[in-house]
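Undergrad: This is the structure, below, for whatever I ask next.
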Amino acid sequence: MSHDVHVGANSVFSANVALGGKLQIGEECYFGLGAVIREELTIGARAIIGMGAVVLHDVDCDSIMVGNPARVLRKNETGEVFHH
């Protein structure tokens, strides 16, 4: 992970997630297996990045992103990433 990556509390990264430099990642985000996050992006709090997603643009809070290039599947209306 680059020194220019700032990760909020309780964010979780699966295996093989690739992070570019100068990233701001909010709290309680989840990154699926093999997700790719390009440089100079902001990932909002509680965002969910799906397996293999390639994120090229900023991600709003509570967004669920999938695909290559990543697109918003839907909003996470509960605002919860993990159920305890």
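Undergrad: Whether any residue in region 28-37 is touching a Gly at 6+ places or on another chain (Cβ under 8 Å), in a strand (DSSP E or B) and at pLDDT below 95 is what I want to check.
TA: No, the conditions are met nowhere in region 28-37.
Undergrad: OK, next. If the requirement is being open to solvent by 20 Å² or more (accessible area, probe 1.4 Å) and within 11 Å of the chain's Cα centre (by Cα), which of these qualifies: GLU40, GLU28?
TA: Sole residue among the options that is open to solvent by 20 Å² or more (accessible area, probe 1.4 Å) and within 11 Å of the chain's Cα centre (by Cα): GLU28.
Undergrad: Right, here's the next one. Yes or no: ALA9 touching a residue at least 12 places away in the same chain (Cβ under 8 Å) and either surrounded by 17 or more Cβ atoms within 10 Å (Cβ to Cβ) or touching a helix residue (DSSP H, G or I) at 6+ places or on another chain (Cβ under 9 Å) (or both)?
TA: Working: touching a residue at least 12 places away in the same chain (Cβ under 8 Å): yes; either surrounded by 17 or more Cβ atoms within 10 Å (Cβ to Cβ) or touching a helix residue (DSSP H, G or I) at 6+ places or on another chain (Cβ under 9 Å) (or both): no.
No; evaluated as a whole, the condition is false for this residue.
Undergrad: Is there a residue in region 51-64 that is surrounded by 13 or more Cβ atoms within 10 Å (Cβ to Cβ), modelled with pLDDT under 95, part of a loop (DSSP other than H, G, I, E, B) and not acidic (Asp, Glu)?
TA: no
Undergrad: Another one. Looking at region 65-84, which of its residues are modelled with pLDDT of 95 or more, assigned to a strand (DSSP E or B) and open to solvent by 20 Å² or more (accessible area, probe 1.4 Å)?
TA: Residues satisfying the conditions are VAL66, ARG71, VAL72, LEU73.
The values are calculated or read from the model by the stated rules, or taken from the named source; none is laboratory data. All figures in this text were calculated on a predicted structure; none of them were measured in a lab. With ideal geometry, Cβ positions are generated from the backbone for all residues, glycine too; neighbour counts draw on all protein chains shown. Keep in mind that these areas ignore ligands, DNA and RNA; they rest on the heavy atoms of the full protein, side chains included. Shrake-Rupley method; radii C 1.70, N 1.55, O 1.52, S 1.80 Å.
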